[in-house]
1. For the stretch B:96-113, does any single residue satisfy the condition of being away from DNA strand D (no atom under 13 Å from the Cβ), within 14 Å of another protein chain (Cβ to nearest Cβ) and of a type in the set (Gly, Ala, Ser)?
2. If B:His13 passes every condition in (1) more than 30 Å from B:Glu82 (Cα to Cα); (2) surrounded by 15 or more Cβ atoms within 10 Å (Cβ to Cβ); (3) not aliphatic (A, V, I, L, M) but one, which one does it miss?
3. Could you say which residue among B:Val26, B:Val35 is away from chain A (no Cβ under 14 Å), under 21 Å from B:Ile104 (Cα atoms), within 12 Å of DNA strand D (Cβ to nearest atom) and among the β-branched types (Val, Ile, Thr)?
4. Run down A:Val73, A:Val134 and say which single residue is touching a Lys or Arg at 6+ places or on another chain (Cβ under 7 Å) and surrounded by fewer than 17 Cβ atoms within 10 Å (Cβ to Cβ).
5. Residues of the stretch A:38-58 being away from DNA strand C (no atom under 13 Å from the Cβ) and surrounded by 13 or more Cβ atoms within 10 Å (Cβ to Cβ), which ones?
6. I need the full set of residues from the stretch B:128-143 which are of a type outside the set (D, E, K, R), more than 10 Å from every other protein chain (Cβ to nearest Cβ) and out of contact with any Gly (no Cβ under 6 Å at 6 or more places or on another chain), in order please.
7. Does B:Asp129 satisfy the condition of being in contact with a helix residue (DSSP H, G or I) (Cβ under 7 Å, 6 or more places away or on another chain) and within 30 Å of A:Lys179 (Cα to Cα)?
Number of protein chains: 2
Amino acid sequence: MNSTELKILTAAHQLFFRFGFKKTSVDEIAAEAGVGKGTIYNHYSNKEELFMKLGESMQTLVKEQVEREISHVTQADERIFERIDREMKLFSAKKLESGATPAIMQELFEVCGHLKSLQKYNEIGLIRDLELGVEQGIFKKIDVEQTFKSIYTVMGQFMLKWLFMDYEEVKLERNSILKMMIDGIRV
Amino acid sequence: MNSTELKILTAAHQLFFRFGFKKTSVDEIAAEAGVGKGTIYNHYSNKEELFMKLGESMQTLVKEQVEREISHVTQADERIFERIDREMKLFSAKKLESGATPAIMQELFEVCGHLKSLQKYNEIGLIRDLELGVEQGIFKKIDVEQTFKSIYTVMGQFMLKWLFMDYEEVKLERNSILKMMIDGIRV
DNA sequence: AACTGACCAAATAACTAATCTAGTCATTAA
DNA sequence: TTAATGACTAGATTAGTTATTTGGTCAGTT
């Protein structure tokens, strides 16, 4: 990512999270970024792709940081709990520092829903941890793909709650559900 | 429930599911029911309460029928799978016969979200099945209240999917998640 | 090769007038 | 006495119109 793209993404991040997707115009993003509007269209084919790429870059940052943070955890089940908890905590922190209101977060989430490619994001870490658990003899010989889908679906539902509730409020409920599911695949 | 209330609820059911909550006026419900508008306000303090009472009566019907249908199932884990599957199937059938479009279902669901009392509905059956499972020695000595909340939260999330997707489409995903959770509390 | 901003069709907002609706209540019917 | 009624009203919603803004383009600049 070059300096121009960074300026654009930074401006887009600030404006989208402060005013929402619809209420932020491409002209405003260009002005905030200090570039011409045409420049934005040289890098992204339209406003939705810009938004999508912003989301992807945020996700990559979070996932890479979490991967570093849990690199010392060796046991698969612990890794899964830590991974999910830290991702949630980091996203929550990003939400807070962006200053987005619940209404804005809801709108951004709905826009995500319309953009397919943002939804099936890279969760290779969780899959690897499940495979690791089977190798370590902690988990039964499960269908990793199916198990991943189940955990991912359920945990994904909490995304919605994060938009309106505090991290600490959701944490307890989420952990007891996750524990129940992980216990279901333990040997 | 007397004959007047039945006429009102029947009319409300037809119109709400055909046109949605907002697009159905109290005047229209009164006309469809063949009663004066004032009569509706003699039975329900406002339009929202009428909607809520309609929802409650539908839920009661579904739950009572499911309870009858699974009365011969003795094993707790089977009862839980059957209960959730049949409730889902019955609601799905009711949705289909009402002729409501996905957009209408979404609006009705959102109205439900605003009315608190509809949400914490009576799920005593599931709690009793969990207690039964502990007594039968099928389940560990779990915190029934907490376990119920977990299952209920996760299964409740599928409600949203039911509004847009077909029963059969959701069934498989839901069953593998439910199986994982139930396996988590087995002895 | 990367960037720019004036430009345009189409979407959205702003404004107004006209219509509709939730809820009330004095009256009627049972 | 109790249940039912429908005309009524303040406030919300809609429809129709105009004014403004917006996403995206592209000929020209750096």
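1. The answer is yes, given that some residue of the stretch B:96-113 is away from DNA strand D (no atom under 13 Å from the Cβ), within 14 Å of another protein chain (Cβ to nearest Cβ) and of a type in the set (Gly, Ala, Ser).
2. (1)
3. Values: B:Val35 fails: under 21 Å from B:Ile104 (Cα atoms).
Of B:Val26, B:Val35, the one residue that is away from chain A (no Cβ under 14 Å), under 21 Å from B:Ile104 (Cα atoms), within 12 Å of DNA strand D (Cβ to nearest atom) and among the β-branched types (Val, Ile, Thr) is B:Val26.
4. Criteria check complete, one pass: A:Val73.
5. Answer for the stretch A:38-58, where residues must be away from DNA strand C (no atom under 13 Å from the Cβ) and surrounded by 13 or more Cβ atoms within 10 Å (Cβ to Cβ): A:Glu49, A:Leu50, A:Phe51, A:Met52, A:Lys53, A:Leu54, A:Gly55, A:Glu56, A:Ser57, A:Met58.
6. We begin by selecting, within the stretch B:128-143, every residue of a type outside the set (D, E, K, R); these are B:130, B:132-134, B:136-139, B:142.
Adding the requirement that they be more than 10 Å from every other protein chain (Cβ to nearest Cβ) leaves B:130, B:132-134, B:136-139.
B:Leu130, B:Leu132, B:Gly133, B:Val134, B:Gln136, B:Gly137, B:Ile138 - these are the residues of the stretch B:128-143 that are of a type outside the set (D, E, K, R), more than 10 Å from every other protein chain (Cβ to nearest Cβ) and out of contact with any Gly (no Cβ under 6 Å at 6 or more places or on another chain).
7. Numbers: in contact with a helix residue (DSSP H, G or I) (Cβ under 7 Å, 6 or more places away or on another chain): yes; within 30 Å of A:Lys179 (Cα to Cα): yes.
It is true that B:Asp129 is in contact with a helix residue (DSSP H, G or I) (Cβ under 7 Å, 6 or more places away or on another chain) and within 30 Å of A:Lys179 (Cα to Cα).
Residue by residue, here is whether (1) among the acidic types (Asp, Glu); (2) within 14 Å of the chain's Cα centre (by Cα); (3) modelled with pLDDT of 95 or more; (4) away from DNA strand C (no atom under 16 Å from the Cβ) holds:
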| position | (1), (2), (3), (4) |
| --- | --- |
| A:Thr10 | no, no, yes, no |
| A:Gly36 | no, no, no, no |
| A:Thr60 | no, yes, no, yes |
| A:Val73 | no, no, yes, yes |
| A:Arg83 | no, yes, yes, yes |
| A:Cys112 | no, yes, no, yes |
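The values are calculated or read from the model by the stated rules, or taken from the named source; none is laboratory data. Just so you know, these numbers come straight off a predicted model, no measurement behind them. FYI the Cβ positions are ideal-geometry reconstructions off the backbone, even for glycines, and counts take in every protein chain you see.
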